[in-house]
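Notes follow once the structure below has been shown.
The values are calculated or read from the model by the stated rules, or taken from the named source; none is laboratory data. Since this is a predicted model, take the numbers as computed values, not measurements. Cβ placement follows ideal geometry from the backbone for every residue including glycine, while neighbour counts extend to all protein chains displayed.
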Amino acid sequence: MNSSETKMPDKESIILMASATLALVVLMADLSLPLGVAGGVPYVAVILVALRSTGPRQAIGFAVVCSIFTMVGFYWSPGGGVLWVVLLNRFLALFVIWVTAILGLLLKRNQLKQLQSEIRLEIISDSAPLMIWQVNEDGEWEFLSKDWLEYFSLESDGRGYNNLLEQIHPDERDLFSESYQGAFNLGRSFQVECRLRGNDDNYRWMLIHGVPIPHIGKEFAGYIGTCLDFSRRKQMETELEKARKMYYHHDKMVSVGTLAAGIVHEIGNPISVISGAINHILGQQGAGVGSQEPDDRIQEQLQTILKQTDRILAITRDVAEFSTVEMDQTEFYSVNEIINRSCRLMEYDSKTKGIDFSQQLSGSLPALEGKKEHMTQVLLNLLSNAVDACNEVEGNHQITITTALLDCAILITVADNGCGIEPMILDNVSDPFFTTKPVGKGTGLGLSICHTLVENHGGTINIDSNLDTGTSVSVSLPIP
């Protein structure tokens, strides 16, 4: 700013000059008129102007000045009028001056307190970790906090705000409407959990709570309430519920495994007896024991029975080994051996009929340290998913399992030529309880469990799929 420019007076200076000028004008008028005509009542205008200032000192100061000017006018004004009327006039002038000053200061103090309360409310509403709102008895919005305005991208006065029901998720819209309208009609508090759509078109879980506003002379003057975002807590509750279901599922599978181990043991004993008896009969016929010559047809049938009993025994051994309760300690195991055993177990499933299992296993893989039953479960889940995908389409079905040594890690790949996975759901297939299979055909836990078990081994799983051409799942396990 140049030194030649004149500094503009502030508001306080203008009020001070206006009050002083008005006081002098009233004094000059009082001194120029007869005593019985003039009076001190016009000094009230000076007090009203002085009350426009921010502090109380100006109003008190000008009340004192106006009182002095009133007495000066009494002594120096031209004579005239009845004395008691003149005295009463001056007394009333002094009374009105001070009543105006005192009442004005009290009113100003109340206005200041109200302003401070509004400022405190605004600060609290802007700094509180929730949104604050207020509606009147007609249901019209009176106040919306800063967070509320930002959440819905509204102007500071709330212009352009649509009906709140339009922002609530359709699944909770009727519940909110019934709770709010029912409480509004009765003038009672309410609380509703619902999802609100924000300015990014995403829904977040909100706890909306409202309490009636007390008002003198009215039973109900509207609501003041809060809106708390508890999406994080809702997500944690959902994850906790999923974990609980996974725990129950795991506990159920442990019980099934224990039961299966017992059944396998009970089946294995009589099958072993049958197998031993057949071997004994074959041995006797081969040695020519008995009066009759060996019958080739009987020999063939006995060989068939023996082959099937051996197959049953192999199944029982594999199931018994897989259902054995795991220990906490780890061990070194061969990846190729686990793949062979997993493929052998899958071949017992009737769903694998017509599916060609091809193994392309590297012969130079080192042993891995970990829980081999975990990796068996991973491979069985991946193979089971591949079988289901192949059965969804017609044609020649093939599942290829390959192993390779790559960058200090063993890479296991399970590839199929099945139906593939839609791109829009590919990112969700590993979520717990997510499944595209019909009810009763899958739990949605297979890939989720695979991810957990592989991560416990320090490895990773990658899924590459093309719709109608097949899926390839790669498991990378670090070498210790």
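Among residues of the stretch 219-239 that are assigned by TED's automatic domain parsing to the domain that holds LEU186, those with a Cβ under 8 angstrom from a residue that is at pLDDT 85 or above and in a helix (DSSP H, G or I), sequence gap 6+ or separate chain, pair up as TYR223/PHE184.
Entry remark, the stretch 185-230: residues being out of contact with any helix residue (DSSP H, G or I) (no Cβ under 9 Å at 6 or more places or on another chain), farther than 25 Å from GLU137 by Cβ and loosely packed, with under 15 Cβ neighbours inside 10 Å number 3 in total. Look at the stretch 468-479: where a residue is assigned by TED's automatic domain parsing to the domain that holds ASN381 and a partner is of a type in the set (Asp, Glu) and part of a strand (DSSP E or B), sitting 6+ places away or on another chain with Cβ atoms under 6 Å, you get GLY470/ASP416; THR471/ASP416; SER472/ASP464. GLU150: modelled with pLDDT of 80 or more and under 26 Å from the mean Cα position of the chain (by Cα), yes or no? Criteria met by GLU150. Can you pull out the residues in the stretch 406-425 that are surrounded by fewer than 18 Cβ atoms within 10 Å (Cβ to Cβ) and either touching a residue at least 60 places away in the same chain (Cβ under 8 Å) or basic (Lys, Arg) (or both)? Passing the criteria: LEU406, CYS408, ALA409. Check the stretch 402-424 and report whether any residue there is modelled with pLDDT under 85, assigned to a helix (DSSP H, G or I) and in the same structural domain as ILE338 (by TED's automatic domain parsing). Scanning the stretch 402-424 turns up at least one residue that is modelled with pLDDT under 85, assigned to a helix (DSSP H, G or I) and in the same structural domain as ILE338 (by TED's automatic domain parsing).
Residues in the stretch 453-467 that are surrounded by fewer than 17 Cβ atoms within 10 Å (Cβ to Cβ) and free of Cβ contacts under 8 Å to residues at least 40 places away in the same chain: GLU455, GLY458, THR460, ASN462, ASP464.
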